[in-house]
Amino acid sequence: MSRSLAVVTGASSGIGAEFAEQLAARGYDLLLVARREERLDSLGRLLSERYSIRSESYVADLANDDHVLQLVNRLHGEPHLGFLVNNAGFGTKGLFWESSLESQEAMHRVHVMATMRLSHAALEVMVARGNGAIVNVSSVASFTLSAGGCSYCATKTWMTNFSEGLAVDLRSARSAVQVQALCPGFTLTEFHDAMGMNRGRIPAALWMKPEQVVNDSFRGLAAGKVIVVPGAAYKFVRFLMWALPPAMRRLAALRSGRAMGRVQMSGKGPRPIDGPAG
């Protein structure tokens, strides 16, 4: 019999690559999606040899509507689709109106539109089969604000709420399919390097490894948790953001943006740091 297929976006490094590893260890065949074909091929070969599974590289830019549509059609044609990880994403730094509009639109296309379209395609297959799981890799930023991270926090908030809403729909349909919003904090991946942010600004104790994040995700699925926040420090952050009044949340956002290097502060207020857009 054919094994179940797991599709992982943003699979070329970090949390996506770790999900691919742990899914392969559980016996899933893999469809690895990202822009860097060499990285995907190398990871796929390694996991195929290590776990005796099949792996296919699928090169796509999820900010490109045509690429997303092609991947959606591929998912519709996968009767053994059993797991989807919507992990592709990126961040920008600098004040919203001073960063490029193209980068802001691309972020919404990747975090929101691609997640929605791929989830819709996957659920049509999974609900008909009666099993499967979707993990939407959101962020602890979905519970917070940060100067210089307006669109990032907003799109991650959407991902978390969308996942929770899907879980309600699935429960109302008495479906066994699971949906999870995975909300990690600072994780040792290429994410912050791509933004040009200095990791040294963040206390070492706050950094998590991808293995920890993915382990918590699978433990959460086993326990039926819809929202998973890895790490005690980030669970506290989530609680604190709930407890703070709005004015205090905005003040915390100003300070966190400066602390993370998303913006610099001057006497006239915050100003952007020069650096790559994403």
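Summary table
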{"quantity": "Amide H within-cut-off set for Ala133, under 5 Å, with H built and near neighbours excluded", "calculated": "Phe83, Leu84, Gln178"}
{"quantity": "Radius 10 Å from Cβ of Ser217, net charge of other residues (Lys, Arg +1; Asp, Glu -1)", "calculated": "0"}
{"quantity": "Using distinct alpha-carbon pairs, which all enter the 1/r mean, Kirkwood radius of segment 16-62 in Å", "calculated": "10.3 Å"}
{"quantity": "Of every Cα-Cα pair in the chain, the percent that sits beyond 24 Å", "calculated": "49 percent"}
{"quantity": "Cα-centred dipole magnitude for segment 78-231, charges only on beta-carbon of K, R (+1) and D, E (-1), debye, nearest 20", "calculated": "360 debye"}
{"quantity": "Computed P(r) (all Cα pairs; segment 204-257; 10 Å bins; percent)", "calculated": "20, 41, 29, 10"}
{"quantity": "Net lengthening on full extension, Ser42/Leu206 (0.36 nm per residue, minus Cα-Cα)", "calculated": "56.0 nm"}
{"quantity": "Amide proton proximity set for Ile227, modelled H, under 5 Å, gap of 5+", "calculated": "Ala181"}
{"quantity": "Under-19-angstrom lysine pairs by C-alpha in the chain, whenever the two are 8 or more apart or on separate chains", "calculated": "6"}
{"quantity": "Rel. contact order, % - alpha carbon contacts under 8 angstrom, at least six apart, segment 116-193", "calculated": "39 percent"}
{"quantity": "In Hz, Karplus ³J(HN,Hα) per residue of segment 212-220 (6.51, -1.76, 1.60; θ = phi - 60°; x = Gly, Pro)", "calculated": "4, 5, 6, 4, 5, 4, 5, 5, x"}
{"quantity": "In order through segment 65-71: 3J(HN,Hα) via Karplus (6.51 cos²θ - 1.76 cosθ + 1.60), integer Hz, x for Gly, Pro", "calculated": "4, 5, 5, 5, 4, 4, 5"}
{"quantity": "Percentage relative contact order, segment 12-139, counting C-alpha pairs under 8 Å, at least six apart", "calculated": "24 percent"}
{"quantity": "Cα gyration tensor category, rounded, prolate or oblate, for segment 4-128 with a/c compared to 1.5", "calculated": "oblate"}
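Since every read-out is calculated from the coordinates, none of them should be taken as a lab result. Predicted, not measured: the structure shown is a model, and the values here were computed from it. Because the Cβ atoms are built from the backbone with ideal geometry, glycine has one as well, and the counts that use them run over all protein chains shown.
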